[in-house]
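Here it is, the structure in full.
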Amino acid sequence: MGIKRKRDAPWSELQIDTLECILRRLSFLDILRFKRVCSWWFSVAESYVSSSCYRLCFQTPWLLLPGPEEKEDDDDDEGEGGLCFFNLDEKREYRDVCMCREVYEGCCVGSSHGWLVLLDKTANLSLFNPFSGARIQVGSLREGLEFTDVDAYTVREDPRAFVPKAVVMSDSKKNKDKDGVALIYGSRKKLAFCRYRDGRFMGLDGAHQPYHDIICYDNVVCALSDIGSVEVWDFSRSFPTKIMDTTPSFPLKTANFGRSFRDLYSSHFYLVESCGELLFVVRFIGEFVDGDGKPVREADLLDDEDIQPKICPYKTLLFHVYRLDRHQKKWEEMETLGDQVVFLGGNHSMALRVGDCPGCVKDSIYFTDSYWERVDEDYSYGGHDMGYYNLRDRIVKPFYDTQCCKMKPTPFWIIPNLW
């Protein structure tokens with residue numbers, strides 16, 4: 001009589017200690033896949049990443065992209081396709097790591113700490129983590145802010161025209177009581193914020209509207225205006241308090257470009273925190289750029305023999321970077337970013353050490369399209385303007401191989417997290 005063999009326990013019945021031992025040895029991507037095995041494994045993984053045991057190594061920002069259906073389809077219905085992610089380190093796309101369709105419940109107006117900031121056509125703002133599926137309802141912009149019929153129309157037609165930038169104040173896992181969202185809003189590009197616990201937006205009494213960019217770090221919100229001024233608001237207290245308001249001399253190198261240059265280019269401003277210092281980044285976008293990478297005038301796109309104008313999409317060609325000298329109150333030009341890598345676009349602007357960003361080139365600016373006024377003006381292009389600019393070489397190079405000029409929804413940088 002043979003020995004009866006004990007039946008192996010099915011995977012779905014493995015004990016929590018065993019599963020957590022496995023989780024501690026998995027990468028970010030492997031944890032995502034672990035969660036999909038069964039409901040029990042999903043529950044254990046959720047508990048693990050919410051505990052003090054979980055220590056996620058810093059991730060190179062990923063690129064959030066339209067799915068393959070949308071890259072090939074000119075249909076305006078954004079809900080027809082999914083999304084995918086491009087991993088800069090591995091130079092690889094992933095289409096099976098998130099709950100993609102949730103993104104389409106609102107237009108993306110920001111990306112911070114792994115959260116997408118979504119604004120719907122009724123002016124409701126929410127956060128969504130595409131990796132964990134978590135959602136936070138923030139509040140309605142109609143609550144607490146002046147909201148006119150013109151504002152309501154703008155939000156319905158183009159939410160990003162009403163909120164060009166929104167940022168999460170911190171990572172929503174550690175400071176839920178004090179956390180919230182800060183944003184630029186309205187035709188006059190004012191400042192506002194909303195704490196999750198209140199659900200009601202409040203305006204900040206900024207003195208230098210219109211604002212071009214905002215960032216958050218160490219419980220402060222920094223805002224950059226179109227004249228290069230910087231305001232800093234302390235959010236560690238019960239009510240935001242302005243602790244700095246400075247108007248440095250505008251960078252002469254940028255200001256002295258002649259009329260002919262301004263006819264060919266538009267300039268976009270970004271504020272970046274780097275190792276405790278504030279950087280002012282100016283992005284120069286050729287309004288119409290030909291196949292040779294040269295900016296041309298719109299009037300030159302059509303000659304006597306042409307029936308249709310030549311297609312020459314806008315394209316980023318140049319960056320200037322300045323550091324704020326707080327004592328001299330001036331912007332000083334930087335010739336190099338050293339071992340830093342900057343990520344710009346519709347996301348929370350950020351500077352990271354190249355050692356924390358495998359696959360990236362140091363002393364470079366990685367950018368996505370944030371030309372909101374023009375991303376939807378033409379059916380043949382828009383959302384396409386991305387690449388990286390190396391300050392030493394002074395050349396824009398591609399980091400993602402795409403053959404299409406129209407990318408909808410617009411790509412966004414996002415820091416992967418599981419909270």
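Using r as the Cβ-Cβ distance of residue 256 and residue 150, and R0 as 51 Å, what FRET efficiency do you calculate, to the nearest 0.05?
On the way: r = 37 Å, r/R0 = 0.72.
After rounding to 0.05, the efficiency reads 0.90.
Take a quick pass over the range 288-419 and tell me how many lysine pairs come in under 27 angstrom between Cα atoms, counting only ones 8 or more apart or on separate chains.
Close lysine pairs under the 27 Å cut-off: 17.
What does the C-alpha gyration tensor say about the overall shape of the range 318-383? Classify as rounded when a/c is under 1.5, otherwise prolate if a/b is larger than b/c, or oblate.
oblate
Rounding to the nearest 10 and keeping the result within 0 to 90°, find how far the Cα-based axis of helix 39-49 lies from the longest principal axis of the chain.
Roughly 60 degrees between the two axes.
Find, among the GluC sites (Glu not before Pro) in the range 324-419, those assigned to loop by DSSP (not H, G, I, E, B) with at most 13 other beta-carbon atoms within 10 angstrom.
Answer by residue number: 335, 373, 377.
Another question, if that's okay. Note down the relative contact order for the chain as a percent, whole number, built from C-alpha pairs under 8 angstrom at least six residues apart.
Over the chain, the number comes to 14 percent.
Top to bottom by accessible area (1.4 Å), largest first, where do 113, 208, 320 land?
On the way: 113 70, 208 35, 320 10 Å².
Solvent-accessible surface, decreasing: 113, 208, 320.
Cα convex hull of the range 115-215: how many Å³ per residue?
96
Arrange the peptides 218-227, 398-407, 279-288 so that the one whose residues have, on average, the most other Cβ atoms within 10 Å appears first.
Most protected by this proxy first, the peptides run 279-288, 218-227, 398-407.
What is the extension gain from residue 227 to residue 16, computed as 0.36 nm multiplied by their sequence separation minus the C-alpha to C-alpha distance, in nm to one decimal?
Working: separation 211, 0.36 × 211 = 75.96 nm, distance 5.67 nm.
Length gained between residue 227 and residue 16: 70.3 nm.
Out of residues 5 or more away from residue 278 or on other chains, whose amide H comes under 5 Å of its own, with H placed 1.01 Å from N in the peptide plane?
Amide H neighbours of residue 278, under 5 Å, 5+ apart: 324.
Follow-up question, since we're still on this one. Of 223, 268, 320, which is farthest along the charge dipole of the range 209-340 in the positive direction, counting Lys and Arg as +1 and Asp and Glu as -1 at C-beta?
My answer, from the dipole projection, is 223.
Compute the FRET efficiency between residue 403 and residue 247 as 1/(1 + (r/R0)^6), taking r as their Cβ-Cβ distance and R0 = 45 Å, and round to the nearest 0.05.
Plugging the Cβ-Cβ distance into 1/(1 + (r/R0)^6) gives 0.50.
So, one more: Can you send over the solvent-accessible area of residue 233, 1.4 Å probe, protein chains only, in Å² to the nearest 10?
Rounded to the nearest 10, that gives 20 Å².
A further question follows. On average over all directions, what projected area in square nanometres does the range 108-154 have, based on the convex hull of its Cα atoms?
Directional mean of the projected Cα hull area for the range 108-154 stands at 3.5 nm².
Quick one: compute the contact order of the range 287-419, relative version, from alpha carbon pairs under 8 angstrom and 6+ residues apart, as a percent.
18
Right, here's the next one. How big is the range 370-419 along each principal axis, measuring the range of its Cα positions in Å and listing the largest first?
Principal extents (Cα only, largest first): 38, 34, 22 Å.
How long is the gain from residue 361 to residue 277 if the chain were fully straight, where each residue apart is worth 0.36 nm and the alpha carbon distance is subtracted?
Working: separation 84, 0.36 × 84 = 30.24 nm, distance 2.11 nm.
Roughly 28.1 nm would be gained on extension.
Continuing with the same structure: Using per-residue counts of other Cβ atoms within 10 Å, averaged over each peptide, order 117-126, 262-271 from highest down. Before the final figure, lay out the partial values.
Numbers: 117-126: 20.1, 262-271: 17.1.
Ranking the peptides 117-126, 262-271 by packing returns 117-126, 262-271.
Below 8 Å between Cα atoms, with a sequence gap of 6+, how large is the relative contact order for the range 145-225 in percent?
Reported as a whole number, the value is 24 percent.
The values are calculated or read from the model by the stated rules, or taken from the named source; none is laboratory data. Computed from a prediction, not measured in an experiment: that's the story for all the values here. Reconstructed Cβ throughout: ideal geometry from the backbone, glycine too, with neighbour counts over all protein chains shown. Side chains included, ligands, DNA and RNA excluded: accessible areas come from the protein's heavy atoms. Shrake-Rupley method; radii C 1.70, N 1.55, O 1.52, S 1.80 Å.
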